[in-house]
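Only one structure is covered here, and it is reproduced in the block below.
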Amino acid sequence: MIKIINYKAGNAPSVMHAVNKLGYSAEFAFKSEDLLSASHIILPGVGSAKATIESLNELNLINTLEEMVLAKKVPFLGICVGLQILFERSEEDDADCLGWLKGKVVKFDSKKVRVPQMGWNKVSFVKQTPAFASDDYFYFVNSYYAVPEDKTDVWGAADYGGAFTAAIQRGNIFATQFHAEKSGEAGLSLLNNFLKLTREDL
Amino acid sequence: MLTKRLIACFDIIGGRVTKAVQFQDNIDVAPAEELAKSMYDAGIDELIFYDITASSEKRSIDIETVKKVAKNVFIPFTVGGGLKSLADMYEALKAGAEKVSVDSMAVRNPDIIYQGAKAFGSQCVVLSTQVKKTNKTTSGYEVFIDGARLATGMDAVEWIKRGESLGAGEICLNSIDKDGTLSGYDLELMRLAESSVNIPLIASGGGGTPEHLKTLFTETQAQAAIISSMLYSPRLKRNFPVSEIKKYLKENGVCVRPPKAY
């Protein structure tokens, strides 16, 4: 079963609508036991990295999440802040994050661009992954973006006052800085290709 | 590169989209979820719904309509009208909206901007404001509330600066003078605003033709424009499909998301 982590201030209902539209059924995960039977895990995100980590801690989800994603290699998709918290640290509130991927999360330069970035930006996918994605416009709402230490983690890039990481992938871990669930047909297509993955694909 | 956004705006009464001129004489257009779906299919970038009678009828926002729209429309949408508390905002976001718009209520209780941004993130909070030219304030624009009926004496530029500092993620500026006139956006207002705040700005009021959008996007830093009449007003002899508007903008050097990007 596809599990969508539902925590305070996340936009899990929007992700559920998109998953259902694609013809899949899914369940919200509110507690760690809910994750145990997951075929795929989606971590939606809005708000700050710190608040997201705190919510996941309050729900006592992190250990099980790490067991499922890091040990059992269940396909995982993080969205927006769900991408940012995968790194070691975020400049936003100087927050400690999960550290699944090496690198940090930094703020756009408000001297160069309006912050937050809000709107449709063109993403170029820079490597092949088991989930197919083609260059297209996706919807972003973010003030911060990830800077991976290992550049092979970069899946997609876009430009906002300079190139930034728009999507990452490493093994079974996928994440998009843009809101795939709100990026029209392009987003639905990417989401569908993620949901089609089996562990054998990875 | 970030594209300029076209935001279709719906004034909702009883689940149906209506069209007014200068905040009066609403005529019926279509059920909200149908028009939203057809605009989504046509390639609109974003939607905004105002439940325009929620405040005067002293009820909270029409959540059922929000839910119906969210099931079939996979682009961001904002809802406003009748949001009085954090709980109301949370209901709208839970029903599938990305953002909430606050207007008159925020003038009465500016702290709601801070509270909303703290609880849900700045990106969720759009400060919408109705402004009118005046000689009574420093910037030359005054804030109005309650469907543009009540003058507040507040300076429009001071108000949006305050909104930004309280945590609003975006400002939607509606020119009362231009609203419904189809004579083009208030460029002077947008220029004043862009030099005053650093968050994204949405221009509203006056858009009647694709050319008005071109002028707005080439002569100001507005990142988005509210359009409604030119898309679907039955009062106009001619409506413009989204694809035609975007084609025109692209040909005129404005960066837009192609209507069929797949």
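The values are calculated or read from the model by the stated rules, or taken from the named source; none is laboratory data. Keep in mind that this is a model prediction, so the values were computed, not measured. Ideal geometry is used to build each Cβ from the backbone, glycine not excepted, and the neighbour counts take in all protein chains shown.
Things to note:
- Candidates are the residues of the stretch B:137-160 that are in a loop (DSSP other than H, G, I, E, B) and modelled with pLDDT of 95 or more; the one that is surrounded by the fewest Cβ atoms within 10 Å (Cβ to Cβ) is B:T138.
- Evaluated against (1) within 14 Å of chain A (Cβ to nearest Cβ); (2) in a helix (DSSP H, G or I), B:I113 falls short on exactly one condition, (1).
- The stretch A:38-108 holds no helices (runs of 4 or more DSSP H) entirely within its bounds that carry 3 or more residues that are in contact with a helix residue (DSSP H, G or I) (Cβ under 6 Å, 6 or more places away or on another chain) and within 18 Å of A:V154 (Cβ to Cβ).
- Selection of the stretch B:39-63 for residues being within 14 Å of another protein chain (Cβ to nearest Cβ) and either of a type in the set (V, I, T) or not in a strand (DSSP E or B) (or both) yields B:M39, B:Y40, B:D41, B:A42, B:G43, B:I44, B:D45, B:I48, B:I63.
- Among the residues listed as B:K246, B:K250, the single one being crowded, with 16+ Cβ neighbours inside 10 Å, over 30 Å from A:S48 (Cβ atoms), out of contact with any Lys or Arg (no Cβ under 7 Å at 6 or more places or on another chain) and charged (D, E, K, R): B:K246
- Flag if A:V147 is within 12 Å of chain B (Cβ to nearest Cβ) and either closer than 20 Å to A:S183 by Cβ or among the hydrophobic types (A, V, I, L, M, F, W, C) (or both): no
- For the stretch A:176-188, the set of residues classified as touching a residue at least 40 places away in the same chain (Cβ under 8 Å) and out of contact with any helix residue (DSSP H, G or I) (no Cβ under 8 Å at 6 or more places or on another chain) consists of A:A186 only.
- Residues (more than 10 Å from chain B (Cβ to nearest Cβ) and at pLDDT below 95) located in the stretch A:38-51: A:P44, A:A49, A:K50
- All of B:S122, B:S128, B:S229 fail the test of being closer than 30 Å to A:A49 by Cβ, under 17 Å from the mean Cα position of the chain (by Cα) and at pLDDT below 95, apart from B:S122.
- Each residue in the stretch B:117-158 was checked for being farther than 22 Å from B:L47 by Cα, without any contact (Cβ under 8 Å) to a residue 40 or more places away in the chain and within 14 Å of chain A (Cβ to nearest Cβ), and 1 pass.
- Sole residue being small (G, A, S) and more than 25 Å from B:V17 (Cα to Cα), chosen from B:A117, B:A97, B:A70: B:A117
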